[in-house]
Structures are given as structure tokens and as C-alpha cells.
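First comes the structure, then the notes that go with it.
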Amino acid sequence: MDVAHDLLDKHIVDRNGHELGRVDGIVLDVRPGEPPKLTDLLIGASALGCRVNPTIGRWVHALEHALGLGHLRPIRIDCTRIEEIDDKIKIDLSAGDTTADVVEQRIRTWLLKLPGSR
Amino acid sequence: MKKIFNVLLGVVTSIGGFVEAGSISTAAQGGAEFGFALLWAIALATIILAMLAEMAGRVATVGRRSMAAAVRERFGFHYQMIPLGAELMIDLLLLAAEIGGVAVAIKLLTGIGFQWWILPVGLAVWLVIWFGNFTVIEDGVGLLGMVTIAFVVAAWRLQPPLNSVATGFLPSLPNHDLTRYAFLTVSIVGATVSPYLLNFYSSGAIEEKWTEPDLWINRVTCYLGMGFGSIVSMGVLITAAVVLGPLHVQVNSYEQAALMFVPVFGRWAVLLFACALGVGCFGAAIEITLNAGYVLAQSFGWPWGVDKPRRDTARFCAAFTLVLLLALMVGILGFDPLQMTLISVALTVVVMPLMVLPFLVLMNDEQYVKTHTSGAFGNGFLAVLTILGALMALVVIPLEVFGG
């Protein structure tokens with residue numbers, strides 16, 4: 001499998017079809033004498049930032065820390081949970097099993113205070 | 001029957017939603033300074049826009065992905081971040097310019113300075129999106145936009161010499177101010193082929209749940225809708241050419257542009273011009289605001305859609321709200337709306353090759369368009385456009401300095 005082509009930047013959906021985000025980064029287990037092994041998929045701006053430039057990744061992570069999200073992001077998805085790789089990557093988890101919806105929920109609580117939110 | 005009605009509505013709303021700050025200002029300047037000579041630029045830009053929009057619509061209909069999503073998936077984030085950053089920057093400037101356009105229109109009607117209207121207009125844009133759904137927004141904006149037909153009526157009533165108008169459709173070199181002419185040509189293309197239109201259009205195809213049998217609707221909406229829409233732009237140019245040309249007026253503000261309606265509409269001129277400008281810019285402001293939310297949500301994989309409950313698309317709502325707030329800040333800082341329009345138009349041209357190149361790959365990738373890949377004609381068009389885009393990108397900054 002071409003990890004960069006088949007996984008990176010693809011949409012991740014949970015078992016109910018709920019969108020969790022895109023594959024912003026991956027974690028590989030590299031041991032001498034063995035081929036690298038994919039262990040996790042990462043979702044989150046800091047993982048994406050790291051891909052562009054490690055310094056940017058650190059800045060974004062510092063910002064996430066300042067917002068009280070540091071320990072929750074990037075979201076790690078164990079690659080054994082991957083169920084299907086097609087147009088999207090389907091995982092055998094529900095959004096609630098991960099921290100993928102933390103930011104969405106925080107913003108939602110603000111939005112619900114606005115008139116006419118539905 | 002319902003489908004045909006919807007297609008007709010789509011064509012009508014494309015006409016009503018065609019002109020906005022960028023197209024009105026560039027066409028008015030072109031007409032006032034070079035008569036009918038730049039009509040070909042509007043025609044060429046419309047063909048480019050219609051073909052690109054049809055392709056974006058095809059990827060959305062067949063591949064179920066908007067342009068932003070398709071580019072990120074196919075090319076990766078390293079490539080996408082440049083057009084994405086540029087698109088957000090253009091959206092921001094253009095949004096500030098459109099809101100400025102509405103504010104100037106209200107100023108023309110009330111006499112109260114345009115900066116007082118920036119915040120209320122921004123709030124109105126947000127309220128329409130917050131309370132509306134896609135059909136209400138798209139059709140409402142398009143139907144109200146029919147007031148811009150006033151430009152066509154004006155051009156018609158002025159009875160321009162038809163042979164001169166026809167000659168304008170043939171590209172020609174002017175006998176004065178070549179740099180300015182080239183600048184306006186490139187600006188007209190940049191104002192017409194705006195990146196927000198392409199992503200907004202493809203997102204709309206997904207919002208309206210088009211499927212493969214609907215591809216003909218996509219074609220009709222693009223070619224007929226945008227084709228007829230460009231007549232409104234041409235109306236602006238012709239009216240400006242006939243009325244402002246002989247007076248040697250350079251259109252440096254919307255107030256000057258409003259004069260073009262006086263010989264035709266008399267005491268209604270300012271009212272009609274203000275309505276056409278205001279409604280055109282207001283519609284565009286709504287589309288750009290939504291588009292900013294679309295591109296961010298689609299690029300990062302968040303749930304999005306103006307038809308979905310707001311509670312399920314919280315980040316999408318936050319994204320468009322934030323971009324709107326930033327644009328209002330730019331507007332309040334007091335930049336001239338017309339100048340901002342021209343800067344964003346130039347920026348559009350700079351990133352044009354990066355915007356067009358992905359089409360060349362996506363339209364030949366069966367993962368995105370299945371059997372509906374582009375033929376030799378479509379690919380040839382994209383290849384020529386990429387080269388043309390690169391040439392325009394190289395010359396636009398010098399032209400902006402010397403001809404703008």
C-alpha cells in the first residue's frame with residue numbers, strides 16, 4: 001500500500017458515517033531491520049502543521065495547549081480500527097470514542113446560545 | 001416538469017447573480033476608457049468561467065467532492081495550502097469589497113457615509129446565511145439580482161452602433177494606452193473567473209444532491225446561465241462606453257459609475273444604479289462568506305452544509321462567521337472598495353495557473369469523474385488556459401503598477 005497516496009489527506013468517517021476529519025498525519029513504528037509499520041492515523045492542525053514544517057507544528061500545538069486542548073490533540077486513531085479504505089476511510093469506532101468532536105462541541109455550546117440556532 | 005422548472009430557475013439565478021463589485025467596476029472602466037474594444041475580454045472570460053465551472057460541477061456530481069476537497073485528496077496538503085491560502089485571502093479582500101459595494105449603494109440612496117453601513121450590511125449577510133437554507137439563499141439572491149438587467153436595458157435603449165459593438169468581440173490593440181488596456185483585459189478575466197465561484201458552484205452541486213443523471217443540468221446551468229449572465233456584464237461595458245466614453249470620465253469611484261444611467265433613466269438613474277450595485281454585491285457577499293466556510297470545512301474534513309442544522313456544523317458556521325468578521329474589520333479600516341476589488345482581482349490572476357492545473361489532472365482521473373473524463377478538446381482548453389494563466393500571472397503585478 002502506498003501510505004502517502006492511499007491514506008494521507010483522506011476523509012475519516014466513523015461507523016455511523018459521521019465525519020471526523022482528514023488524515024493529517026500518520027505514525028510509523030520504525031525498527032532496524034524491519035519494514036516500517038503503520039500504527040496510528042492522526043487528525044488535527046498540529047499534525048498537519050508538522051507535515052509542512054516541524055516549527056509550525058510546534059506553534060500550533062502550543063496554541064492548542066493555550067486553548068486547553070493540548071492533551072486531546074492531535075487525535076490518534078489506532079490503525080487496527082480501520083475497517084475500509086475507499087473514497088473515505090471508515091473506522092470501527094464512533095465519534096464519541098475519540099476526542100475528534102471536542103472542538104466542534106465547544107463551538108456548538110456557544111452557537112446554541114445564538115437566536116435561531118437549530 | 002419540476003426538473004425543467006428547476007433548471008430554468010438555475011439559469012435565471014445565474015443571470016441575476018452574475019455581476020458584482022469586480023465585474024461592474026472592471027467593465028465600467030473598460031467601457032469608459034476603451035469603448036467597445038474590451039467586449040471580447042468579457043466573452044473570453046465567460047467561456048473560461050463556464051468551462052471551469054462545468055468541470056467543477058462534474059467532479060462534484062460524479063465524484064461527490066467539492067474542488068477544495070478534491071484538490072486536497074489528489075494533490076496533498078503541501079500543494080493545496082498555496083491555492084487555499086490564496087483563495088481565503090482573495091475571499092477576504094473581495095468580501096470586504098462587496099460589502100463596501102453594498103455600503104456605497106446605500107450611501108447613494110441615503111447620502112449617509114458608506115462606512116456607517118459596513119457593519120449593518122455585514123450583519124444582514126450573516127443573518128441571511130444563519131436563518132436561510134441553500135435554496136432560499138441561491139434563488140433569493142438570483143431573483144433579486146434580476147434588477148441588474150437594468151444594465152442591459154440601458155445598453156439597449158442607448159442604441160449603440162451595432163457594427164462597432166460587433167467589432168468589439170474581435171481582440172484588437174488600442175491606439176492609446178496599451179499598458180492600461182492590457183491591465184483592464186487581465187482585470188476583466190480576474191474579476192470574472194473568481195476562485196470563489198468555482199468552489200461555491202461545486203459545493204452547491206453537493207448541497208443540491210446532484211447525481212450523474214443530473215449532469216445535463218450542470219451543463220445547461222453553466223453554459224446558458226453564465227452565457228446569459230455575461231450579457232449583463234457586457235451591458236455595463238456598453239452603457240459606460242456610450243455614456244462615459246465621450247465625457248472622458250475615468251471610473252475611479254462607484255459614484256462616477258452611477259452617472260452612466262442618467263441619459264437613460266433620468267431621475268431614476270441613481271436609484272436604479274444603487275439597487276443594481278447593492279443587490280449584485282450583496283448576493284456576492286453572501287456567496288463569498290459561505291464559500292469561505294465551505295473551503296475551510298472541506299479542506300479540513302469538518303461536517304458542512306447550509307442545509308444541515310447549525311448544531312451539526314458548528315466549525316463550519318464558526319469559520320464563515322470569522323471570515324466575515326475579518327472582512328468587516330478590513331472594511332471598517334476604510335480601504336476604498338474599488339481599490340480592494342482591483343487588488344483581489346490581480347491576486348486572482350496571480351494564482352490562476354495553480355487554480356487551473358488541478359483541473360487538468362482531476363478531469364482525467366476516473367476516481368473523480370468515472371467515465372466522464374475530459375476529451376481532447378477539454379484537455380487542450382485546460383493546457384492552453386494554464387499557459388495563458390501563467391503568462392497573465394507574470395504580467396499582472398507590473399501591469400497593476402504601471403496601468404492600474
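Figures for the structure shown
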{"quantity": "Residue satisfying condition, being open to solvent by less than 30 Å² (accessible area, probe 1.4 Å), outside any strand (DSSP E or B) and within 13 Å of chain B (Cβ to nearest Cβ), within set A:Gly21, A:Gly57, A:Gly70, A:Gly116", "calculated": "A:Gly57"}
{"quantity": "Residues of the range A:65-82 classified as over 20 Å from B:Phe300 (Cβ atoms) and in contact with a Ser or Thr (Cβ under 7 Å, 6 or more places away or on another chain), total", "calculated": "1"}
{"quantity": "Odd one out for B:Phe316 among (1) in a helix (DSSP H, G or I); (2) in contact (Cβ under 8 Å) with a residue 24 or more places away in the chain; (3) of a type in the set (Phe, Trp, Tyr)", "calculated": "(2)"}
{"quantity": "Residue list for the range B:301-352, restricted to those being β-branched (Val, Ile, Thr), more than 14 Å from chain A (Cβ to nearest Cβ) and surrounded by 23 or more Cβ atoms within 10 Å (Cβ to Cβ)", "calculated": "B:Thr341, B:Val345, B:Thr348, B:Val349"}
{"quantity": "Where B:Ala45 falls short, out of the listed (1) open to solvent by 10 Å² or more (accessible area, probe 1.4 Å); (2) more than 18 Å from B:Cys275 (Cα to Cα)", "calculated": "(1)"}
{"quantity": "Evaluation of B:Leu247 against (1) open to solvent by 10 Å² or more (accessible area, probe 1.4 Å); (2) within 25 Å of B:Gly204 (Cβ to Cβ) (one fails), failing number", "calculated": "(2)"}
{"quantity": "Positions within the range A:83-95 being more than 9 Å from every other protein chain (Cβ to nearest Cβ) and open to solvent by 40 Å² or more (accessible area, probe 1.4 Å), in sequence order", "calculated": "A:Glu83, A:Glu84, A:Ile85, A:Asp86, A:Lys88, A:Lys90, A:Asp92"}
{"quantity": "For A:Thr98: the one exception among (1) without any contact (Cβ under 8 Å) to a residue 24 or more places away in the chain; (2) among the polar types (S, T, N, Q); (3) open to solvent by less than 50 Å² (accessible area, probe 1.4 Å)", "calculated": "(1)"}
{"quantity": "Selection status of B:Val141, hydrophobic (A, V, I, L, M, F, W, C) and surrounded by fewer than 24 Cβ atoms within 10 Å (Cβ to Cβ)", "calculated": "yes"}
{"quantity": "Residues of the range A:73-82 satisfying the condition of being under 13 Å from the mean Cα position of the chain (by Cα) and either among the basic types (Lys, Arg) or within 11 Å of chain B (Cβ to nearest Cβ) (or both)", "calculated": "A:Arg73, A:Arg76"}
{"quantity": "Meets criteria (within 9 Å of another protein chain (Cβ to nearest Cβ), assigned to a helix (DSSP H, G or I) and open to solvent by 60 Å² or more (accessible area, probe 1.4 Å)) for A:Arg106", "calculated": "yes"}
{"quantity": "Checklist (1) more than 14 Å from chain A (Cβ to nearest Cβ); (2) over 19 Å from B:Gly111 (Cβ atoms); (3) at pLDDT 95 or above applied to B:Pro246, failing item", "calculated": "(3)"}
{"quantity": "Residues (touching a strand residue (DSSP E or B) at 6+ places or on another chain (Cβ under 7 Å) and either more than 12 Å from chain B (Cβ to nearest Cβ) or free of Cβ contacts under 8 Å to residues at least 40 places away in the same chain (or both)) located in the range A:24-33", "calculated": "A:Ile26, A:Val27, A:Leu28, A:Asp29"}
{"quantity": "Hits in the range B:164-184 (condition: part of a helix (DSSP H, G or I) and in contact (Cβ under 8 Å) with a residue 24 or more places away in the chain)", "calculated": "B:Ser164, B:Val165, B:Thr167, B:Thr179, B:Arg180, B:Tyr181, B:Ala182, B:Phe183, B:Leu184"}
{"quantity": "Residue count, the range A:34-50 (criterion: without any contact (Cβ under 8 Å) to a residue 40 or more places away in the chain and either within 16 Å of the chain's Cα centre (by Cα) or open to solvent by less than 90 Å² (accessible area, probe 1.4 Å) (or both))", "calculated": "10"}
{"quantity": "Single condition B:Trp304 does not satisfy, out of (1) in a loop (DSSP other than H, G, I, E, B); (2) within 30 Å of B:Gly35 (Cα to Cα); (3) in contact with a Phe, Trp or Tyr (Cβ under 6 Å, 6 or more places away or on another chain); (4) not acidic (Asp, Glu)", "calculated": "(2)"}
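The values are calculated or read from the model by the stated rules, or taken from the named source; none is laboratory data. Quantities reported herein were computed from a predicted structural model and do not represent experimental measurements. Backbone-built Cβ (ideal geometry, glycine too); neighbour counts: all protein chains shown. Just so you know, the surface numbers come from the protein's heavy atoms only, side chains and all, with ligands and any DNA or RNA stripped out. Shrake-Rupley method; radii C 1.70, N 1.55, O 1.52, S 1.80 Å.
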